[in-house]
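Below you'll find the structure, written out as structure tokens, and then a few comments.
The values are calculated or read from the model by the stated rules, or taken from the named source; none is laboratory data. What you are looking at is a predicted structure, and each value in this text was computed from that prediction instead of being measured. Cβ placement follows ideal geometry from the backbone for every residue including glycine, while neighbour counts extend to all protein chains displayed.
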């Protein structure tokens, strides 16, 4: 019988020790502000429900600026994980593709360069309705998924640091 049941809601539980020392930063794009704020709010709620106490929040003008802020924060080696949230909504030009691609690529480059997990929950949707649906005030909000991913990678990396353990 399994005894390490996850907490209701997010499905991942950190050890009290890891939760107490974990430092997470959330980088939110201001463009499509209402969507970003909703993602950030649900992410913070979920992280806190798992016991994470140290959460810093940063805002940047848009999703294109997320990688630069991620690089600045990662280079300080202060955070165990970064979470990026925002929304890129398709318009009538290629701008959507350019921003989405460069934001994702930039975040991955920073993660690998500084060896810090960066959760990418920047929505890229066809329209505002889809973005609002994915950032709604409910259990389908992708901010919850971002928190779940951050907790999962923190737990896996912590396990990998202990001799003889499996991540």
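When region 35-68 is filtered for residues that are farther than 18 Å from residue 141 by Cα and either in contact (Cβ under 8 Å) with a residue 60 or more places away in the chain or buried (at least 22 other Cβ atoms within 10 Å of the Cβ) (or both), the ones remaining, listed by number, are 52, 63, 66, 67.
Please indicate, with yes or no, whether at least one residue in region 37-54 is in contact with a strand residue (DSSP E or B) (Cβ under 8 Å, 6 or more places away or on another chain) and not in a helix (DSSP H, G or I). Checked region 37-54: at least one residue is in contact with a strand residue (DSSP E or B) (Cβ under 8 Å, 6 or more places away or on another chain) and not in a helix (DSSP H, G or I).
Suppose the filter is crowded, with 19+ Cβ neighbours inside 10 Å and in contact with a strand residue (DSSP E or B) (Cβ under 9 Å, 6 or more places away or on another chain); does residue 157 pass it? For residue 157, the condition - crowded, with 19+ Cβ neighbours inside 10 Å and in contact with a strand residue (DSSP E or B) (Cβ under 9 Å, 6 or more places away or on another chain) - is not met. May I ask you to list the residues in region 86-124 that are in a strand (DSSP E or B) and either closer than 15 Å to residue 74 by Cβ or over 16 Å from the mean Cα position of the chain (by Cα) (or both)? Correct list: 89, 118, 119, 120. Every condition in (1) at pLDDT below 95; (2) more than 25 Å from residue 132 (Cα to Cα) holds for residue 77 except the one numbered (1).
For region 138-167, the set of residues classified as touching a residue at least 24 places away in the same chain (Cβ under 8 Å) and over 17 Å from the mean Cα position of the chain (by Cα) consists of 158 only.
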